[in-house]
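The structure under discussion appears below in the form of structure tokens.
The values are calculated or read from the model by the stated rules, or taken from the named source; none is laboratory data. Being a predicted model, the structure only gives us computed values, none of them experimental. Neighbour counts run over all protein chains shown; Cβ positions are idealised from the backbone, glycine included.
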Amino acid sequence: MLIQESDLVLYNLTLQRQSNYIHSSTGNFVNADTLTKSQNSLQLCLATENHIELYDLSKRNLQKIGNDIPFFAIIKNIKTLRHPTLDIDYLVITSDSGNLSILKFVWNSDTSTLALSPLCIEPVARSEVRRLSPMEYIAVDKQSRCLMISSVEKFKFCYLLNCNNINTSNVNDSPNNGIISSPLEAIRSNFITLDLVACEMGYIDNPCFASLEMEITTSKKNRNFFHLVFYMMDLNLNCIVKKADYLLPGKPNMLIPLTDLAEYGILTNIDNNQYKNNDTTNPFVMVALEDSLLIKDLKGYYNIKVSLPKCRDHLSPAVVISHAYRSFKKQIFILLQTNYGDLFKLQIIPNQNEGNKPQCIINYFDTIPVAEQLHITTNGLLFANSETHSNYLFQFEGLGSDEGEEIFTFSRTLQNLSILEKKSTSNYMTAANVVKNSSNQAVVPLKLFTNTEDSIIKSYTNSVDVETLISSPLPPGPKNIWTLKRRLDDEFHSYVTLAFNQYTVFLNISGESMQTLSFEDPAPFVMKNDMTIYMTTLNPNILIQVCSNQFTQVATTSDGSGFDQIHEWFPPAGIQIVSATSTVSQLIIGLSNNNIIYFELKGNGTTLIESSKTLTMESKIVKLAVDQDKFRCDHLVVATEDDQLINVVSIDTSHSNFMEILSFQQLNDEINDVVMNETSFYVGLKNGIYVKSKFAKKDGEILTTNQRFMGARPVTLSVIYKVLLTLQDKEDEDDDEEENNEKKTTGLEEEHNKNEFGRCVVIHSDSVWLDYEYKQMEYIRPILLFGHRSYLNRITQFSTSTIPNNGMCALSSSGALIIGKMKNFVNTGNWFNKQDIKLVEKTTNADEDNDDDEEEEEEEEEEEEQIQPQEYQNKIILPVNDGEYTMFIDNHNDTSFPKCRISILNSNSNQIILDSLSKTPYHFVEGFQSICAQIVNFTKNKNFVNLVISTRDQHLLTFQLNTETSKKGAFYTLNLLHKTKVESTAFSMVTLNNKLFVTILNFLIIYDLGKKQLLKKSITKVTSTTNASTAIDVWDNSRVAIGDVHESVTIYQYDEDTNQFYPIADDIVKRHVTTLKFIDSNTVVGGDRFGNLWTLRIPVDVDESKVMKYTASPHNNVMEAPYKLELKDHYFINDIPMWCSSVSSVQMSDRPSILYGGLQGTIGILIPLLSKLQIKIIMKLQEGIVNLESLIITDRMSKVTIYNEGEDKEEQDDEYNREVWASQKSKDGFHPEGYTSLVDRDHFKYRSYYAPVKNVIDGDLCETFLNLSSYEQSLICKTIGKKTKIDDVILLLNEIRSNYM
Amino acid sequence: MSDKQRQRQMYANLKQKHVGIGNQDTSKEEWLANVKRDTYYSLLAHSSLLEYTTMARNQSQQGPNHTKKQMKWELLNKMGHSGDQQ
């Protein structure tokens, strides 16, 4: 693809996937023994439209298994397919690819990754979501003999399955086509299918499906006829038979299949009761009607109507919307949920008075949020996959009463269920505020607020959390800190050494306390008149203290109480020690005369032997570094001052080049600090740049270098050698449990997989950053210290029995010693740390307004296990005072009593600001429903800002907003100044020159503050095509972009002299704009209602005087603006963009980027790519991944030719060739089908769902490169360039994540 | 004549498979009905659009909130009615 200079090439990364789980399914997808030790394996598969997640429920909680599986297609439906003989389940998926896929989950316990592998991909229909493609419904026979798929209109296909053809032995099994037969069709024109279910039939019966169909009427007079149709798959004749067709009364919506009722002693076949056993099963289904249910059977004997119990509070009829059932030995237990969220328990029992005919008993059970699907698991849990907001896992506490009832009163507290786990989702995210850099913090980690759930604000931060456990003040001027082990093989640290300018303090750690260590005279260590520059423990029990003028070697006695000084070493007179570093057995010292002296422990001796060979550097030594965690290290890194060089020196004593410089790297500024880790060294420069280089183990040659700007201060570094990168908050809570703490902690360590541990480099500049690697990806992310404003100067590893993992000891800038714990490391699968900020529920007693009381109440509420009803829904989130505060405006759900409420949060400290009148977080505005709002600073006085809310009933409400912080806490005051009646509802507004800019009907209006109402200062008529503006943005108070509900974007020029707006450019395509932002004066980025993101640009330099003189042609709709916008980028994200924000620098990144959020919870970023070469490489990478299937085939073909010719067989033994041979030899041959997409969806077509993708690269797809095998990776690299190595591609992907955002 | 016959047959054949196609004899109502059905289906079959539509409906209409399932059924019912004479 040709890249033009004017093109804006963006790289899209989904930081958080959407969480609108529209499908869910339970089963045993992954073998139990490979995953958990528990016998009972039970998993839940949750799917959104574009990804799948798997959870383990066997331990009575929601334990996520592995990673998300992205699809790059629209999943239409999923169902579980049980293997008839083996205890393993598969997944049947229909998608917009037009294929029916049967997939198998593959769990790799070594890398702890989850993958799906296709067993068969069967083309069924055309691609895309169509009403005639049989993709909407899937029903799988219980015995796994066949499955039926159905479209909404006309088509039903039935496939016979042969699960025995599935080869389960081999993980890398090729897709097998003997699983699925050719389809049998059942076509009914002029019918809309409302639901399709599989009836539970015995093995001797033919499979049977029931479908609810609606006849299409062509005239208004005819009412729709609803049919219940039973289809039977005749296995002997191999055809589908329409067994029965019943007309249904009322307005049925869905079907609920029932188990074979005959098993529960219910008379199912009326005619020939005595031959019941020989007869075929008579399947039953329930039809959900308004306020009732209807039980029907295939043979048409029964027509039982069950009325739902009524509630006085519910005005409109209740409809069953979801169900779950579980059959026990003696009874059937069915849970039904209505649209009000009420759960009913339905029992079907034989009516002994009427010859065992079925009888139904229905009871009120509980009220939970409305669920998309309910699942009752075999271990007695209920999972509610909620339509919006959080999903819940419940445990049954009771089974409710057994007597039927007709009227019930619902209760908010759970009666028969208790919450085991709440899985909060971001579904239904309407707005967000990205916290911008503010003055009092050097670097704000990427942070944004959303409010998807009632009274809970979600804060998303992209940083590693540090929880402070202990903070104690220190004497002034601490310089450095070290934690030491008594013996090297000790598990935990015993001493902490603090270095001050002229003295040193030793602390002893005993249990959970820490005391100053005092020594008998003479002290074994140098305590005074010298500065400690380095401390370490050498093998096995030797402590080394390096000071400026000497170093001492001290052995700890075996009981640990005493210290014996073994040796002291002094540099030549007048020379000082500048730097020192050590491994477990080596000690290297740099002197002020530029000499480097090498010491080593030989054999089991306790004395350090000085090497006779020294190295003299040409320039002053700044710092030495070796890999300190190793027993021996072969390379030493020396940073020198004047020539700004990093030298790699060999310290391999067995080699002839011992103490010789192998290679060096020139840096562009003075070096401040250097550390080393395996074969990489990390350099901190004085100009705030952090450099990361890798060198070759063999000859010390420098291979790759990576740089990142960290801040204005010189960069200092430290290394933490062992960190558990998967430590989350939850595990932390487990640790807090007092009982069996030690056992638990040791157990914990065993539990963690080796690859969950890693090393990290701590980078100190303006703020503290961590550089760590997890699953091939490298991350440089900031540290967020809870509850502290101060900054950490020095960080060192720290572990005790209470903090076995991730402990750290640090010196803070305020001069305190901080012991804390690092947790919540972010990674690609979990980019944001989510924190729920609970706004206190409005207290029932207005008197109790103490903070403490409220907190207590909150806790009590939690204990009561109430599910808070969703009374309010967030509508608007606004930054106040340049982002210092964030304002949330929520609307009441019940629109018949319009009401909205306002709450304010401090953006930096997450502290809730209280309303000064009510002393609660909320300010209520009764009688109005908010549409949009804006903070306007009419008076230009920062202390008095105004809030304007546009309401649905065509008013603009103007409030005066004051915020104040006093000793009692932070408060805000909102005073309603006046209401302004406007001609129509204003759907969007912005500030322009400290005035309010609104579009109302066809006018652009500027309002200024008046005494009794807002005053119109300027009125301009918009172009005639504009209907209703849904999004507005302003650039530099001179240009406004107006996004229309379906007429795309028009950009206007504002002229202050004439106080008028002049159209500059409009679009040639109708876009249904939802959000809009300027990224420069000529370019806007926006999203539309169909899930697309696009950027539009005015193609030329605008001559403003020309624009003002331009008169549109007298004909409507023809060239209303002098210029036309040009489409620069277009991309389908499969979620409706609700907000976007252009961020000038995300966490000190080197470029601006665009953050966006979608309705279903997607958070993504668009990163501009700048260099042409880089764009070409990434485009080729994307192309390579997309075309992987054909690459493998061509590669295989070429290999086969060589193989057949019998040439150079011996040369074929490199790794990837062997893989190819192996796959060729497998009995079914090699099918690369499903490599790129599990459902075989063309990636380009998916991203071009509505319009061709333009200049946007799918970063999510590019990152799947990391999960490919080395053979596949090398094939892709070949297409990028002849010399491209796999590492280069991984480095590039890493650079985007760590440097560009 | 046979050509015309064949064309007609081909058209009938295609019409069987793809309901939405039309020819010069297609009435406005039939064409509109297909457009409407496609639109309603698109609204109910894309999870984001269904959620958006439900949300918008709940905010603008008085009375209790609809669930996404109810919205879906309503749209399905509309598909069945979309042949109505205007």
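Being of a type in the set (Asp, Glu) and under 30 Å from A:Pro1137 (Cβ atoms) is true of B:Glu51. Assess whether B:Lys36 counts as being in contact with a helix residue (DSSP H, G or I) (Cβ under 9 Å, 6 or more places away or on another chain) and either surrounded by 15 or more Cβ atoms within 10 Å (Cβ to Cβ) or more than 7 Å from chain A (Cβ to nearest Cβ) (or both). Against the criterion (in contact with a helix residue (DSSP H, G or I) (Cβ under 9 Å, 6 or more places away or on another chain) and either surrounded by 15 or more Cβ atoms within 10 Å (Cβ to Cβ) or more than 7 Å from chain A (Cβ to nearest Cβ) (or both)), B:Lys36 qualifies. For segment A:1038-1060, the tally of residues that are in a loop (DSSP other than H, G, I, E, B), out of contact with any strand residue (DSSP E or B) (no Cβ under 6 Å at 6 or more places or on another chain) and not β-branched (Val, Ile, Thr) stands at 5. Screening segment A:698-712 for residues that are charged (D, E, K, R) and in contact with a strand residue (DSSP E or B) (Cβ under 8 Å, 6 or more places away or on another chain) and picking the one that is surrounded by the most Cβ atoms within 10 Å (Cβ to Cβ) gives A:Arg708. Considered as a group, the residues in segment A:225-257 that are away from chain B (no Cβ under 14 Å) and of a type in the set (Phe, Trp, Tyr) include one that is surrounded by the most Cβ atoms within 10 Å (Cβ to Cβ), and that residue is A:Tyr231.
When segment A:920-936 is filtered for residues that are assigned to a loop (DSSP other than H, G, I, E, B) and either in contact (Cβ under 8 Å) with a residue 60 or more places away in the chain or farther than 24 Å from A:Ser984 by Cα (or both), the ones remaining, listed by number, are A:Thr920, A:Pro921, A:Tyr922. Looking at segment A:1082-1089, is at least one residue at positive phi, within 14 Å of chain B (Cβ to nearest Cβ) and of a type in the set (Gly, Ala, Ser)? No, the conditions are met nowhere in segment A:1082-1089. I'd like to know if segment A:1072-1090 contains one or more residues that are farther than 23 Å from A:Tyr11 by Cα, assigned to a strand (DSSP E or B) and either aliphatic (A, V, I, L, M) or touching a helix residue (DSSP H, G or I) at 6+ places or on another chain (Cβ under 6 Å) (or both). Checking segment A:1072-1090: not a single residue is farther than 23 Å from A:Tyr11 by Cα, assigned to a strand (DSSP E or B) and either aliphatic (A, V, I, L, M) or touching a helix residue (DSSP H, G or I) at 6+ places or on another chain (Cβ under 6 Å) (or both). Inspect segment A:900-921 for any residue being within 14 Å of another protein chain (Cβ to nearest Cβ), at pLDDT 85 or above and out of contact with any helix residue (DSSP H, G or I) (no Cβ under 7 Å at 6 or more places or on another chain) and give the result as yes or no. Yes: one or more hits. Checking each residue in segment A:451-467 for being over 26 Å from A:Asn805 (Cα atoms), buried (at least 21 other Cβ atoms within 10 Å of the Cβ) and of a type in the set (Asp, Glu) picks out only A:Glu453.
Please work out which residue is modelled with the highest pLDDT, limiting yourself to segment A:377-410 and to residues that are among the β-branched types (Val, Ile, Thr) and surrounded by fewer than 19 Cβ atoms within 10 Å (Cβ to Cβ). Among those residues, the one meeting the criterion is A:Thr378.
The one condition from (1) surrounded by 13 or more Cβ atoms within 10 Å (Cβ to Cβ); (2) more than 13 Å from chain A (Cβ to nearest Cβ) that B:Ser2 does not meet is (1). Within the set B:Thr54, B:Thr67, the sole residue that is among the polar types (S, T, N, Q), more than 7 Å from chain A (Cβ to nearest Cβ), buried (at least 18 other Cβ atoms within 10 Å of the Cβ) and within 29 Å of A:Glu372 (Cβ to Cβ) turns out to be B:Thr54. Summed over segment A:411-429, residues that are surrounded by fewer than 18 Cβ atoms within 10 Å (Cβ to Cβ) and within 14 Å of chain B (Cβ to nearest Cβ) total 0. Checked against (1) under 16 Å from A:Arg486 (Cα atoms); (2) under 48 Å from the mean Cα position of the chain (by Cα); (3) buried (at least 18 other Cβ atoms within 10 Å of the Cβ), A:Thr556 passes all but a single condition, namely (2).
Among the residues of segment A:332-387, those that are away from chain B (no Cβ under 14 Å) and assigned to a loop (DSSP other than H, G, I, E, B) comprise A:Gly355, A:Asn356, A:Thr377, A:Thr378, A:Asn379, A:Gly380. Under 6 Å between Cβ atoms, at least 6 apart or on separate chains: pull out the pairs that start in segment A:290-316 with a residue that is within 14 Å of chain B (Cβ to nearest Cβ) and end on any residue that is among the hydroxyl-bearing types (Ser, Thr, Tyr). As it stands, the answer is A:His314/A:Tyr340, since those pairs meet every condition given. The requirement of being under 18 Å from A:Phe1078 (Cβ atoms) and polar (S, T, N, Q) is fulfilled somewhere in segment A:1040-1051, by at least one residue. Return only the number of the condition from (1) closer than 30 Å to A:Thr1162 by Cα; (2) buried (at least 20 other Cβ atoms within 10 Å of the Cβ) that A:Val319 does not satisfy. A:Val319 satisfies all of (1) closer than 30 Å to A:Thr1162 by Cα; (2) buried (at least 20 other Cβ atoms within 10 Å of the Cβ) except (1). Let me confirm something: among A:Lys967, A:Lys940, which residue is closer than 17 Å to A:Asn881 by Cα, loosely packed, with under 13 Cβ neighbours inside 10 Å and modelled with pLDDT under 90? It is A:Lys940. Can you find even one residue in segment A:455-477 that is within 14 Å of chain B (Cβ to nearest Cβ) and either more than 19 Å from the chain's Cα centre (by Cα) or among the aromatic types (Phe, Trp, Tyr) (or both)? Checked segment A:455-477: no residue is within 14 Å of chain B (Cβ to nearest Cβ) and either more than 19 Å from the chain's Cα centre (by Cα) or among the aromatic types (Phe, Trp, Tyr) (or both).
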